[in-house]
């Protein structure tokens, strides 16, 4: 399937603007694109309630935003946003993602604004991610009725954090995570897979950009192989929660997402691998910009809905 035409037009507009690529920028300059894209997306939909809180992390605090739907929540979703551990936050496009996810799944969504590299390099993002998860589990009674499932979700670098959270929760006897949703996740530090090297995948996210992200997040290349940074390399994936792994066709990260789904499946974890045909990396946050975002949200919400229904019925096998 060819790249979706609105995505092609969007990339052409970016090229005509002649701005520097992310990997040719500083983090401060790259972060300036956030408000522009959020302005194109517009405000997210209304939800039942919004609370902004601060949570203690390792050596500092970070923000979380609690988005509760109208009516009774059916689940709690802890969401970690993308941006290469350097960009993105819960105020701009990801507020929109969180609001839509809350409404479409009838769930309380906790957006975790983990601290970013290079100011806060690895392992700050995963430590904040776990503190956010523990906060959500510890305050579950305030967020939803007793007994609803606890779900972790994230895209790109946020998918990386969500995957690491399942490993940490298992190995630290932490909060019980019932389901995981990984949208084009970073699962490995290798940058020589076919999807990384494919010329047609050097789009909004390129191999050079990922090297720039990794350089700011974890400069020690040898340390990147640790499962806390590359969850694909965990010694075991057994005992992890059922998963949706949702990859994009035109994405350097495509192959590592597929590999992670296989690793889960090989370890006996129920997993659904889905591909967004014709879509490039980052489309999932492009509300009102790329039409694939609507379909992507519908796919994720549909899988969560089916899982939550199965959970309530006492069956959480492959859905």
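Points worth noting:
- Test: residue in segment 257-274 that is under 21 Å from residue 207 (Cβ atoms), surrounded by fewer than 22 Cβ atoms within 10 Å (Cβ to Cβ) and more than 15 Å from the chain's Cα centre (by Cα): yes
- Candidates 241, 252: the one that is outside any helix (DSSP H, G or I) and within 26 Å of residue 148 (Cβ to Cβ) is 241.
- Within segment 18-47, the set of residues being under 16 Å from residue 116 (Cβ atoms), under 20 Å from the mean Cα position of the chain (by Cα) and surrounded by 14 or more Cβ atoms within 10 Å (Cβ to Cβ) comprises 22, 27, 30, 31, 33, 34.
- Filter result for residue 50 (modelled with pLDDT of 95 or more, surrounded by 12 or more Cβ atoms within 10 Å (Cβ to Cβ) and touching a helix residue (DSSP H, G or I) at 6+ places or on another chain (Cβ under 8 Å)): no
The values are calculated or read from the model by the stated rules, or taken from the named source; none is laboratory data. Given the structure is predicted, the values throughout are model-derived calculations rather than measurements. Using ideal geometry, Cβ is built from the backbone for each residue, glycine included, and neighbour counts are taken over all protein chains shown.
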